[in-house]
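Please read the structure below before turning to the comments.
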Amino acid sequence: MLDINDLHKTYGDNHVLKGVSLSVRKGELVSIIGPSGSGKSTLLRCCNRMEHASSGQILVEGQDINAADAKLDKLRQRIGMVFQAFNLYPHLSVRDNVTLALRKVKKIPRAQANEIAERALTRVGMAHKADAYPGQLSGGQQQRVGIARSIALEPAIILFDEPTSALDPEMVDGVLQVMRELRETGITMVVVTHEMAFARAASDSVVFMDGGVVVEAGTPDELFGAPKHARTTAFLSRLG
Ligand code: ADP
Ligand code: MG
């Protein structure tokens, strides 16, 4: 589904990604953990071309996303992204936040887009708030709408960048529960997270990044139970 080969990214003389390789199979949930500044967000941003990689290759369903003829609109329909800050449009209702890209990018008529939005909102437990505005929702509810907006486009893969980091603690579980349920439906997911209990319980594999490289990757039991690298052990022990 997603194949990243020897990806490099530099900002000026800051070499942020130093040869990252990673494979995600269809239906897998892969968690990426690692200290702040290790390049996790940059890696995700390269995957939907919010950033252009300096070198290396990213294939989504076998297609090179950096190919000259890759259409960004089409690409971003296939590669969804959910951010830490929910990035909902404050002046649009929940329903219209979810249908906007369906109508403007996919050119789906409003009535049909509303039906798709209804289904997506139902999946995240937010159908009852379709007429509300983002400002009337809690952070956790806004993030669930952000996830609904992403799944409504039926992407091949969804990238999550610390989806619960900006939430009050009591909101975190609801969002993680929605993500567990999505996983059960077979959506391929890459999740950058500090929620180690989630990473351990919900992932097919876990990737530890530090200093712009993948230090170690494995099953949750391997990575959390028997880390092979001193840097992994040090990171996990710092979390207490
Ligand atoms: P993480 O998500 O793991 O915390 P990031 O990918 O956000 O790490 O950042 C990795 C490094 O890249 C940091 O040193 C950061 O300062 C740098 N960086 C990230 N985005 C930019 C940017 N747009 N311009 C310049 N440097 C950046
Ligand atoms: Mg980040």
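The values are calculated or read from the model by the stated rules, or taken from the named source; none is laboratory data. Keep in mind that what you see is a predicted model, and the values were worked out from it rather than measured. Reconstructed Cβ throughout: ideal geometry from the backbone, glycine too, with neighbour counts over all protein chains shown. Note: accessible area is taken over every heavy atom of the protein model, side chains too, but ligands, DNA and RNA are not part of it. Shrake-Rupley method; radii C 1.70, N 1.55, O 1.52, S 1.80 Å.
Given the criteria β-branched (Val, Ile, Thr) and open to solvent by 40 Å² or more (accessible area, probe 1.4 Å), does residue 10 qualify?
yes
When the criteria are applied in full, residue 82 meets the requirement of being touching a strand residue (DSSP E or B) at 6+ places or on another chain (Cβ under 6 Å) and within 16 Å of ligand 2 (Cβ to nearest atom).
Of all positions in the range 138-157, none carries a residue that is within 16 Å of ligand 2 (Cβ to nearest atom) and surrounded by fewer than 19 Cβ atoms within 10 Å (Cβ to Cβ).
Restricting the range 120-129 to residues that are within 11 Å of residue 94 (Cβ to Cβ) and not in a helix (DSSP H, G or I), the residue that is nearest to the chain's Cα centre (by Cα) is 124. Residue 91 meets the stated requirement of being of a type outside the set (Ser, Thr, Tyr), open to solvent by 80 Å² or more (accessible area, probe 1.4 Å) and more than 16 Å from ligand 1 (Cβ to nearest atom). Has the range 179-202 got at least one residue that is basic (Lys, Arg) and crowded, with 20+ Cβ neighbours inside 10 Å? No, because not a single residue in the range 179-202 is basic (Lys, Arg) and crowded, with 20+ Cβ neighbours inside 10 Å. Quick check on my filter: what residues within the range 29-72 are buried (at least 17 other Cβ atoms within 10 Å of the Cβ) and over 25 Å from residue 211 (Cβ atoms)? Within the range 29-72, 60 is the sole residue that qualifies.
Of the residues 115, 162, the single one that is closer than 30 Å to residue 25 by Cβ, charged (D, E, K, R) and either at pLDDT below 95 or open to solvent by 20 Å² or more (accessible area, probe 1.4 Å) (or both) is 162. Within the range 104-118, residues that are more than 20 Å from residue 74 (Cβ to Cβ) sit with their Cβ atoms under 8 Å from residues that are of a type in the set (A, V, I, L, M), at 6+ positions apart or across chains, in these pairs: 117/98; 117/102; 117/130; 117/148; 117/152; 118/127; 118/130.
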